[in-house]
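The values are calculated or read from the model by the stated rules, or taken from the named source; none is laboratory data. Since the structure is predicted, the reported quantities are computational estimates derived from the model, not experimental observations. Here the Cβ positions follow ideal geometry from the backbone for every residue, glycine too, while neighbour counts run over all protein chains shown.
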Amino acid sequence: MTGDNAPAAATDFFHETPPIPETPVRKFNLNFGPQHPAAHGVLRLVLELDGELVERVDPHIGLLHRGTEKLIEARPYTQNTPYFDRLDYVAPMNQEHAFVLAIERLMGLGVPRRGQLIRVLYCEIGRLLSHLMNVTTQAMDVGALTPPLWGFEEREKLMVFYERASGARLHANYFRPGGVRQDLTDALIEDIDAWAVAFPKVLDDIEG
């Protein structure tokens, strides 16, 4: 066809269409917590997001503040240790350790070598308890259901070591200024050693 009624060529149509303007992505703020299924604790994070990228985090802590400092002012040192078990329910003896170390430094107390070793041993057990909780529950958050099952089985064994030393699985009240409440039995030390030897194989199974 010729003349003014001829249809426009396809190339002319595409050239004449104006380009679509780019719309800038607006940054927005998002509250994560303080009560969120994936938070695993009482913590509020104010996130500044650029799309899916977290550009800034403003943590709000202290939402589980119990006033422990005020509670321990009117009590003897030895009556205050149980409060520190409740500051970290995942690794309670680690909090006890910090408290008794502060008392010993203030009072100039020495700790027998065996008492120091027992403390460090149970702080390392507490560190394992904490890491097993942290790593396996994060795996669960991204869809891996087996790691928390196997990890919590190992945590149960460690909690038994807590109970055999202190009489309690959670609120141990075991550390004392100058040492620990009571000595460990030889059988308990041997069982802890046997667990430590077998644990790397469990880690390989969890990772695999």
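Below, the figures for the structure above:
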quantity: Residue count, the stretch 84-128 (criterion: touching a strand residue (DSSP E or B) at 6+ places or on another chain (Cβ under 7 Å) and among the aliphatic types (A, V, I, L, M)); calculated: 4
quantity: So ASP204, is it more than 25 Å from ILE118 (Cβ to Cβ), assigned to a helix (DSSP H, G or I) and of a type in the set (D, E, K, R); calculated: yes
quantity: Residues (in a helix (DSSP H, G or I), under 21 Å from LEU184 (Cβ atoms) and free of Cβ contacts under 8 Å to residues at least 40 places away in the same chain) located in the stretch 65-97; calculated: PHE84, ASN94, GLN95
quantity: Lone unmet requirement of (1) within 16 Å of the chain's Cα centre (by Cα); (2) modelled with pLDDT of 90 or more for ASP88; calculated: (2)
quantity: Some residue of the stretch 168-178 being surrounded by 14 or more Cβ atoms within 10 Å (Cβ to Cβ) and part of a helix (DSSP H, G or I); calculated: no
quantity: The stretch 36-64: number of residues that are at pLDDT 90 or above and either part of a loop (DSSP other than H, G, I, E, B) or basic (Lys, Arg) (or both); calculated: 1
quantity: Test: ALA144 is outside any helix (DSSP H, G or I) and either among the β-branched types (Val, Ile, Thr) or closer than 18 Å to THR78 by Cβ (or both); calculated: no
